[in-house]
Each structure stands twice: as C-alpha cells, then as structure tokens.
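See structure below.
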Amino acid sequence: MSNIDAVNALLTAIHFDRFAEIEARHAPDAVFQSFRGPTLRNSVAISDWHKAFLRDYADCTYTEIEYIEEGNTVVVRATIEAKAPDWRPFSQRVVEVFEFSEMGVRRRRLYAMLPDLEFEKPVQQALDNALGYRGGSAGATRKAVEEWLAAYAGGDIDGVRAMMHDKPALIDGVYGAAAGLDAAMGVAGARPKPLFGTVRPTGLYAGEHTALLEEAVDPARPRQAVLFRLVDGKIAVVEVYWMLREIGVDPFAGRRERHRKQVILPI
C-alpha cells in the first residue's frame, strides 16, 4: 500500500496551518529532525514546531513535488514557496524523508538548500534536461548509483567519469553549483570536512530515474542528503541538501524580525 497519499495529506495540513491534524498524522513517539533543528521526539512537539515554522514561512506551499517510494519510506523533493519574516516572497528547495508505521509518520528528516538559489545557464540546462527525462527503473538506478559511489569512494576517477552523463552538473545548496565533471569535483572537494569522524552513507532510496543518499558522521545526527538524477542510465545532476543547523548555517541570517502589517491611513 502506498503512503504517498498520507504524505500529501500532511503537506496539505501544513499548507493550511492545521496543527491538530499535523499532530494526529504522526505516531505519538515520532522523531523529527529538520534543517532548522532541534530534534523532536513526540507528535505534540512536532505540532508546536510547525507553529513556529509557519510564522517564519508564512503562506507556506510545497510545489514542484517529486516522489521516491521504497517500502514504508517516502522521499519528497519539493520547492517551498513562502513569505519570510520581512514578508518578502522566497523559495527554498528541500528534500524530506518520511518513514511510516501503523500509527502514522514514525520518523521525518527535512534537509534544505539556502533560499532563493539561482543557477547559471549550463547548470540550469542540465537540470531541465534531467527533469524532462522519463524512463528507467528503480533497480537500474540503484545499481548505477551504488557503482558510482564505489568508484568515488575508491578514488577511481575513470570509473566516476564512466558513470556520468556527458554534460553533468552539481548543485550544492550551500557551497555552490557547477557544470562539467571537473568543475563539479572542484566544488565538492572544496567543502569543509568534519573535524572528527567520517561522513558515511546511512540510507539509499531509488526511484525510476532518481535516487536519494543520506549521509552522516553520527547516524543519530543526519548531515546531508544527495539526490542523483539519471538520464539514460548515467548520472546527470547531483543535488546536495543539508541539515543547515548541523553544519552551522543560519538560513535566515539578517531576516529574523517579522515586520508588523499595518494599515496606512490617509492624512
């Protein structure tokens, strides 16, 4: 049985600020980890978190939604459109992982890019090409990503190149975007490394032509989610989403205070 309808119902409840329904759609002991933090461990706290979230993300709407479903897990790639504390419209690309039990949502992990990202033409063309692709299978997608990860982890540059599309792009939601394999690897190599520990895979979910890899130093503290977009069996676009609080990034730096709406009366 698919859980996508349950995910859509939860996103609708968030859109319409239905906090009681948000609470009811989570298991009583649900765990929610988001790019804003902190880690929440029950449905009441999750509902209260959304009250604060929807003050900063007024008129919140999930758009451009894509799904990957595997077992009891649904991955959603979406763009949040909302109004910031200064009432200016903004958009933010996010990835969210929902794990279900009989009681509802059991675990959620919400990763994000920085707001209002714009991409240069070669990067946008690679993304548009990948978004327009139809075909593939979950099994082939998983195999391709696993082979790419093995080559990348082993330092096999020729193996990495063999698995990439002829015009690939990297979109890192914090550290930059680049088109072309050499430029993309330059951006990836310039990311700050954790002071302690090693970033390791914690989960991989595959769809027909997209796959999501979750990574962390400590499995109890999610760090980043990498979305792979494949075209004709080759990796065309790699998108990196972060737990922004985990890496010390404030997505609302300088935009914390909400301006009060006031009626301007004639003199």
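The values are calculated or read from the model by the stated rules, or taken from the named source; none is laboratory data. For clarity, every value in this text was computed on a predicted model and none was experimentally measured. Cβ: placed from backbone, ideal geometry, glycine included. Neighbour counts: every protein chain shown. Areas reflect the complete protein model, heavy atoms only, side chains present, ligands, DNA and RNA absent. Shrake-Rupley method; radii C 1.70, N 1.55, O 1.52, S 1.80 Å.
Scan the stretch 185-203 and tell me whether some residue there is touching a helix residue (DSSP H, G or I) at 6+ places or on another chain (Cβ under 7 Å) and either free of Cβ contacts under 8 Å to residues at least 24 places away in the same chain or open to solvent by less than 60 Å² (accessible area, probe 1.4 Å) (or both). For the stretch 185-203, residues touching a helix residue (DSSP H, G or I) at 6+ places or on another chain (Cβ under 7 Å) and either free of Cβ contacts under 8 Å to residues at least 24 places away in the same chain or open to solvent by less than 60 Å² (accessible area, probe 1.4 Å) (or both): absent.
Filtered by the rule that a residue be assigned to a strand (DSSP E or B) and either in contact with a Lys or Arg (Cβ under 8 Å, 6 or more places away or on another chain) or surrounded by fewer than 16 Cβ atoms within 10 Å (Cβ to Cβ) (or both), the stretch 40-60 gives A58, D59.
One line per residue, one yes/no per condition, for (1) of a type in the set (F, W, Y); (2) open to solvent by less than 30 Å² (accessible area, probe 1.4 Å); (3) under 21 Å from Y111 (Cβ atoms); (4) not in a loop (DSSP other than H, G, I, E, B):
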{"residue": "D5", "(1), (2), (3), (4)": "no, no, no, yes"}
{"residue": "L11", "(1), (2), (3), (4)": "no, yes, yes, yes"}
{"residue": "I14", "(1), (2), (3), (4)": "no, yes, yes, yes"}
{"residue": "Y67", "(1), (2), (3), (4)": "yes, no, yes, yes"}
{"residue": "S91", "(1), (2), (3), (4)": "no, no, yes, yes"}
{"residue": "E96", "(1), (2), (3), (4)": "no, yes, yes, yes"}
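Residue by residue, here is whether (1) of a type in the set (V, I, T); (2) touching a strand residue (DSSP E or B) at 6+ places or on another chain (Cβ under 8 Å) holds:
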residue	(1), (2)
R41	no, yes
D48	no, no
R55	no, no
V75	yes, yes
A82	no, yes
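Being open to solvent by 10 Å² or more (accessible area, probe 1.4 Å) and not in a loop (DSSP other than H, G, I, E, B) is a property that holds for P28.
Taking (1) over 23 Å from A78 (Cα atoms); (2) of a type in the set (V, I, T); (3) surrounded by 15 or more Cβ atoms within 10 Å (Cβ to Cβ) in turn, I157 satisfies each apart from (3). Of all residues in the stretch 1-50, those satisfying the criterion of being in contact with a Leu (Cβ under 6 Å, 6 or more places away or on another chain) and among the hydrophobic types (A, V, I, L, M, F, W, C) are F32, F35, I46, W49. Residues of the stretch 123-139 that are in a helix (DSSP H, G or I) and open to solvent by less than 60 Å² (accessible area, probe 1.4 Å): V123, A126, L127, A130, A138, G139. Answer yes or no as to whether D166 is under 19 Å from the mean Cα position of the chain (by Cα) and either modelled with pLDDT of 95 or more or surrounded by fewer than 16 Cβ atoms within 10 Å (Cβ to Cβ) (or both). For D166, the condition - under 19 Å from the mean Cα position of the chain (by Cα) and either modelled with pLDDT of 95 or more or surrounded by fewer than 16 Cβ atoms within 10 Å (Cβ to Cβ) (or both) - is not met. Condition check for W148 on (1) touching a strand residue (DSSP E or B) at 6+ places or on another chain (Cβ under 9 Å); (2) over 17 Å from A188 (Cβ atoms): one failure, at (2). Here G71 meets the list (1) within 30 Å of R229 (Cα to Cα); (2) surrounded by 15 or more Cβ atoms within 10 Å (Cβ to Cβ); (3) out of contact with any strand residue (DSSP E or B) (no Cβ under 8 Å at 6 or more places or on another chain) almost entirely, failing just condition (2). Scanning the stretch 101-122 for any residue that is surrounded by fewer than 19 Cβ atoms within 10 Å (Cβ to Cβ), aromatic (F, W, Y), assigned to a loop (DSSP other than H, G, I, E, B) and within 19 Å of the chain's Cα centre (by Cα) turns up at least one such residue.
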